[in-house]
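Heads up, the thing below is written out as structure tokens.
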Amino acid sequence: MDLHALTIRKASALLRSGEITSVALTQAVLDRIAAVDPAIKAYVTVCEDAALQEATAADARLQRGGPLTPLTGIPYGVKDCLSTTGVRTTCSSRILENYVPRYDATVISRLREAGAVLVGKQNMDEFGMGSSCENSAFFATRNPWAFDRVPGGSSGGSAAAVASGMGLFALGEDTGGSIRMPASFCGVTGLKPTYGRVPRYGLLALVSSFDSIGPLTHDAWDAALVLGAIAGRDPRDSTSVGVPVPGYTSTMTGERLDGVRLGVPIEYFAKGIDPAVECAVRTAITHLEALGAEVREVSLPHTEHAISIYYLILTAEASSNLARFDGVRFGLSEPPEGVDIVERYLKTRGKGFGPEVKRRIMLGTFALSAGYYDAYYLRAQRVRTLLRQDFAHAFEVVDALIAPVSPTCAFKIGEKVDDPLQMYLSDIHVVAANPGGVCSLAVPCGFAEGLPVGMQIIGPPMGEAGVLSVGAAYQATTDWHTRRPMAE
Amino acid sequence: MAETEYEIVIGMEIHAELRTASKMFCGCPVVDTTVAEPNTAVCPVCGGLPGAMPVVNKLAVEQAMLVGLALNCQINASTSFARKNYFYPDLPKGYQISQYDDPIATNGWIDVQTEDGGNVRIGIRRAHMEEDTAKSFHYSAGGARGGAYTLIDFNRSGVPLLEIVSEPDMHSVAAAYAYGTKIREILRYLGVNSGDMEKGVLRFEANVSIRPRGTEALGTRTEIKNLNSFRALVRASEYEIARQIEVVEAGGTVVQETLGWDEARGVTVSQRSKEHAHDYRYFPEPDLPPLTIDGAWIEEVRQALPELPDAKYARFVGVYGLVENDARILVEDQALASYFEAAARSYGGNAASVSKWIVGELAYLMNRDGVALEAVRVTPESIASLVKLVDAGTVSLSSAKDVLATMFETGRAPEVIVKDNGLVQISDEEALSQIADQVLSDHPDEVVAFLGGRESLLQWFMGQVMRATRGRAQPQTVLGLLRGKLEARRR
């Protein structure tokens, strides 16, 4: 039995029955990291000693018999944009290379309380800006299914780690597809919850109005377990919502989808989509129909504007969110001494930020500047309202929407790195969910030339239980999600 | 004189720290930054650490509403926060959370009294909430660290601030002064600000321009920042007006710019020209949803409004019949006004005499010894008793002043002091007559002089009687007796 390849559900049962210990499970994951991460490069920081200590504590808790959660003793990793006490949190940026937070993000403290075991921090595009993990200031992460391909981004390290058994699950963060897109490229399940469902306190903000923390797992069941542990109102995050957190797995038992109304948005199957990807997703839709779902076409007419408004709001908010990295209180500060404050700002930020980050700070600063605000930021916010209305209208007649995650499978490392616009367009099917205020689950639905293909199940605001049930029924009757790369 | 050809136009921005227990967006305590150890009241939120998020302080919102209501503003049903972006080391997030499009309060006014006795209505454009910055301490080269350096105290970072923006309705420096005084008085009445300008909890900015008298269009304004005292407000505004007139008279034009006030040299100094003005790139704060303020909440806060200075003044003059000067002095200090009212209630009669004792003798003793009202040992009830003793003729006016001094020092009741020191006024004609006879027979020469026409000696005889009675003689009675006895000798 490869312990590192277990699902949470299976591992939790083994832990509770005493067949395995958390220390053994954690050690298996650490060994797997030692074995395959030199090739994949998913982790920026591995905290081996702390992980084994936490595992020992979890074993004591398991022996005591409580309090136990489905995550007690389960080793996991997190995208390196979540604040972890005493463990450096870099956002894969030079400017935070040596920044060690003094507090835990709310989701981290919730997982600590649940008894989960943190094994390390995962690579990402710098500050979440990118779709390939190539924009990490440290190194590019490789796709476990094909080392010459990207794992997707920006939560590329998290998706690659889960796919290759370096953590039973991961916490990622999705601003415009950053969980779903790499999940799809790496053949794992990724959930972008509704904005506000999971508190953001302690998440190093990219776009405060879009950022959603969510799980990357092997299947929908595991995603439900993690979501149940991290969701719910946090008084420290005023944008988190007080809607009660349901028992997600309680509605995920069926293999049938009788009476479930699914919509296929015609705009998501328009030009530019790889025929192999379209074929896999359409086959999956047929499968869902065979499970009893009613399928109909719907229209989301403002989809074509999603990329524009997404990038406008993103760059604007990011330019402000990244202003605190000024070399005064933490992180990189250049040079060590002897310059005035303006020169320190210029040198620190000049050296600390990568080219994509600088590009977006400049775009955002421009979009917010006097005389341009109305034409750009304000107009983008107005179109955003139209986008939300599109979803609202669709969800009047369907329970969920089915769409591809990405128009292509994982592309080659270096393929789009010099063409930011092409890179931006790889997010075309995932960005709308964030400004649209909806939730979306990405599940594996096939392969094309040996590379995983992903499908989105998009639900209305706070509709996580619904999309997870559809995902669970699909996975109960298919086996795409059980395939593992680099298996011995 | 050239000045009379120009009309002065002044608008003011007043930054007032709100008096809450915790900061605007986090749970850190608000400490006295002039006393507390630097950087001891700081957390990830007010320290701007990555990932930290703001949470609005409800009490700060209610205090802002209270001020808005006191300034006759409309409290907006939906109010939102915005980011004001700029780089400065005392601004840890690189932006200040402020309000821009939907401030909490708009369109108010207050009336202020100028020195010439006039009443001027000043419009309040808006009042908005924001967080204070940290405090920078700049040190010049040559110290222990060699080169020049700056230290930052984040204790002040995130302290709730209310910025009150007036319309440009002040047309004299005196009006600006009166406006500042009035705002300070109202904030103190509301209990939302101590008014201690030397502690930096209240800061002024003056926007100053001039225009030819009789014209409507506003002249180009300059903005004088960080005026930390009334003296600075007056001096800087006067200087700036004179400077602008000089510029215009010399054929030049006033340039729009931000100025600082150099207290030592007594001049305004250019800090930023319009071309170099910051573009703050305001946009709605995505970490804070807009606040909805319903009518019920506004009413709840309105119930907490205390009687404001103008209303109290009108009541003191109208109901208690105080002279205007006494009323004004009492109203300036809410605690003193309450003290007076307690004394007036205890006294029961015409409170004007009570106010004279408080504004006169008591205030004199407090000033003399530097004693604050909280520490004064004379209770309102005992000062009322003292006035009653004077009214009843039990104690003379001059003795009463000594009694009050003793009350002030010992806290003892006036009746006890009067009794123990034998200060009861002698009104008994029999006794006074004997004393008067004794004085006249002791001074035969002066009696002859009086009878010879030196009538002024009557007061001198009076003084001798007072001396003999240690001031306790009832003066009118003595005067009558002396007159009678002297006239009798003339015959």
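Since every read-out is calculated from the coordinates, none of them should be taken as a lab result. Given the structure is predicted, the values throughout are model-derived calculations rather than measurements. Here Cβ is always computed from backbone atoms with ideal geometry, including for glycine, and neighbour counts include all displayed protein chains.
Taking label positions 7 Å along the Cα-Cβ direction at both B:Glu238 and B:Ala77, the computed distance is 4.9 nm, reported to one decimal.
From the alpha carbon centroid of the stretch B:175-191 to that of the stretch A:368-420 is 51 Å.
What FRET efficiency do you get for A:Val397 and A:Val243 if R0 is 25 Å and r is their Cβ-Cβ distance, rounded to the nearest 0.05?
That gives a FRET efficiency of 0.60.
Report the paramagnetic label zone for B:Glu216: residues of the stretch B:103-133 whose backbone N is under 20 Å from a point 7 Å from Cα along the Cα-to-Cβ axis. Once the point is set 7 Å along Cα→Cβ of B:Glu216, B:123 turn out to lie under 20 Å by backbone N, inside the stretch B:103-133. A helix-only calculation puts the protein assembly as shown at -11500 deg cm²/dmol for mean residue ellipticity at 222 nm, using -39500 (n - 2.57) for each DSSP H run of at least four residues, averaged over all residues.
Simple point charges give the picture: +1 on the Cβ of Lys and Arg, -1 on the Cβ of Asp and Glu, and for the stretch B:203-351 a dipole about the Cα centre of about 360 debye. Overall, the protein assembly as shown carries a charge dipole of about 840 debye about its Cα centre when +1 sits on the Cβ of Lys and Arg and -1 on the Cβ of Asp and Glu, all other atoms neutral.
Taking the Cα centroid of the stretch B:16-49 and of the stretch A:433-488, what is the distance between the two, rounded to the nearest whole Å? Value for the Cα centre distance between the two parts: 46 Å. Taking every residue in B:282-292 and counting other chain Cβ atoms within 10 Å of its Cβ, the average works out to 5. In a simple Cβ point-charge model (Lys, Arg +1; Asp, Glu -1; nothing else charged), the stretch B:380-464 has a dipole of about 320 debye relative to its Cα centre.
Ordering A:188-194, B:81-87 by mean Cβ neighbour count within 10 Å, with the highest value first, yields A:188-194, B:81-87.
Have a look at A:Val339, A:Ala293, A:Gly354 and report the one farthest towards the positive end of the charge dipole of the stretch A:277-416, computed about the Cα centre with Cβ charges (Lys/Arg +1, Asp/Glu -1). Towards the positive end, the residue furthest out is A:Val339. For the stretch B:317-413, the Stokes-Einstein estimate of translational diffusion at 4 °C and a viscosity of 1.567 mPa s comes to 97 µm²/s, using the Kirkwood hydrodynamic radius over alpha-carbon pairs.
Shielding of peptide B:85-96 by partners, expressed as the average count of other chain Cβ atoms within 10 Å per residue Cβ, is 5. Shown is the FRET efficiency for B:Thr379 and B:Arg121, computed with R0 = 45 Å from the Cβ-Cβ distance and rounded to the nearest 0.05: 0.70.
Dipole of the stretch A:129-212 computed with +1 at Lys/Arg Cβ and -1 at Asp/Glu Cβ about the Cα centre; of A:Leu203, A:Phe138, A:Gly190, farthest Cα towards the positive end is A:Gly190. Of all DSSP-defined beta bridges confined to the protein assembly as shown, some 80% are antiparallel rather than parallel. Taking each residue as 0.36 nm, the span from A:Arg64 to A:Lys351 lengthens on full extension beyond its C-alpha to C-alpha distance by 98.2 nm.
When the Cα atoms of the protein assembly as shown are aligned to their principal axes, the ranges along those axes come out at 144, 78, 63 Å in descending order. Taking 0.36 nm per residue of separation and subtracting the current Cα-Cα distance, fully stretching the chain between B:Glu487 and B:His171 would add 107.2 nm. From the alpha carbon centroid of the stretch B:51-108 to that of the stretch B:310-381 is 37 Å.
Using the beta-carbon distance between A:Arg379 and A:Arg261 and R0 = 30 Å, what value does 1/(1 + (r/R0)^6) give for FRET efficiency, to the nearest 0.05? Each step should come with its number before you reach the end.
Numbers: r = 34 Å, r/R0 = 1.12.
The formula returns an efficiency of 0.35 here.
Computed from the alpha carbon atoms alone, the convex hull of chain B holds 247 Å³ per residue.
Report the relative contact order of chain A, percent, no decimals, based on alpha-carbon pairs under 8 angstrom and at least 6 residues apart. Mind showing how you got there, number by number?
Numbers: 1184 pairs, mean separation 85.7, N = 488.
Computed over chain A, the figure is 18 percent.
Along the charge dipole of the stretch B:309-420, Cβ charges K/R +1 and D/E -1, which of B:Val387, B:Gln334, B:Ala311 sits furthest on the positive end? Going by the Cα projections, it comes out as B:Val387.
Which value, in Å³ per residue, describes the convex hull spanned by the Cα atoms of the stretch B:158-218? List each step's numbers first, then the result.
Details: hull volume 6.4 nm³, N = 61.
Cα convex hull per residue, to the nearest whole number: 105 Å³.
On full extension, the segment bounded by A:Thr85 and A:Asn98 gains 3.4 nm, given 0.36 nm per residue less the C-alpha separation.
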